[in-house]
Amino acid sequence: MFTNLSKSTMTKTTDIAHISERQMEIIEAAGKILSESGVSGLTIKNLAAEMGFTEPALYRHFKSKEDIIIAMLEYLAADIDKRLIPITSSNHTPEYKFKQLFTEQFRFFSAHPHFAVAVFSDGLLEESNRINQSILKIMATKMKHLMPIIMEGQQRGTFTNEITTEELIHVVMASFRLQMFKWRLAHFKYDITRHGENTIQSVLTLIKSKK
């Protein structure tokens, strides 16, 4: 699954420059509603009230609730790519880059929890195929940066070669997705950066070579 995903979408990210300042304000307001009321609470009526708009005024910027969610997810995919490029293209060791990659993600979601709602809400997966594809693009963007780190680590003997690169990536991504999902279910009540650091160390203990 991840192999096919990486071939089809890993190298393609959205240009975030085309999103207007007003559209970004709408996206952030939608995120606030998602954080407070969940997917069911995100309606055009509620969003217009949050923005102080009439509903027709909101439709001038986005055609539907689906388009707003997709814009949020597309923005996130492009922003992840922009933030992680300096980490993955650096000359640091694979272990250092691995730590920095996930530390940066935990830092970002801690500052912008509404994006975590958008990515880790099961209800969104039922909304539309377009939304599913946008979520898959986010996963592919993360893989684009994680895969070369894991491969380099295996080649250097830093990470275990007892399982394949693809299987190792499954383990890593599942571990971090579980941590984020738990944080989401806890309504962001605990410090995700501190718990995230513990997760990073635990995963490294599992995947580092024992030789």
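Using the Kyte-Doolittle scale, find the helices of the chain whose mean hydropathy is at least -1.0 and whose Cα atoms extend 24 Å or more along the helix's long axis, counting only whole DSSP H runs. Walk me through the numbers on the way to the answer.
Details: long enough: 21-41 (25 Å, -0.12); 65-88 (34 Å, 0.51); 94-111 (26 Å, -0.62); 129-156 (40 Å, -0.32); 165-185 (30 Å, 0.31).
Going by DSSP H runs, the hits are 21-41, 65-88, 94-111, 129-156, 165-185.
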Amide H contacts under 5 Å for Phe159, placed H, 5+ residues apart = Gln154, Ser209
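Can you check what the net charge comes to around Thr205, using other residues whose Cβ is under 14 Å from the Cβ of Thr205 (Lys, Arg +1; Asp, Glu -1)?
Details: positive: Lys99, Lys208, Lys210; negative: Glu95, Glu197.
Around Thr205, the charge tally is +1.
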Answer label for Rg and Dmax of the Cα atoms in Å (calculated), chosen among [x] 17.3, 50; [y] 18.2, 64; [z] 17.3, 54 = [y]
query = In terms of modelled amide H atoms, which long-range or inter-chain residues lie less than 5 Å from the amide H of His112?
reply = none
ask   = Build a GNM of the chain with springs between Cα atoms under 10 Å: which of Gly52, Gly38, Gly153 gets the top mean-square fluctuation?
value = Gly52
note = Connecting every pair of Cα atoms under 10 Å apart in the chain and solving the GNM, the largest mean-square fluctuation among His195, His92, His112 falls on His92
key: Relative contact order (%) - the chain, alpha-carbon pairs under 8 angstrom, separation at least six   = 26 percent
DSSP loop GluC sites (Glu not before Pro) with at most 14 other Cβ within 10 Å: longest gap in the chain = 1-125
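As a test of reading the structure, rank His61, His114, His145 by solvent-accessible area (1.4 Å probe, protein chains only), most first. It would help to have the intermediate numbers written out before the result.
Working: His61 65, His114 30, His145 10 Å².
Descending order: His61, His114, His145.
The values are calculated or read from the model by the stated rules, or taken from the named source; none is laboratory data. Small disclaimer: the values here were computed from a predicted structure and weren't measured. When we count neighbours, we look across all protein chains shown, and the Cβ atoms used for this are built from the backbone with ideal geometry, even at glycine. SASA here: full protein model, heavy atoms, side chains in, ligands and nucleic acids out. Shrake-Rupley method; radii C 1.70, N 1.55, O 1.52, S 1.80 Å.
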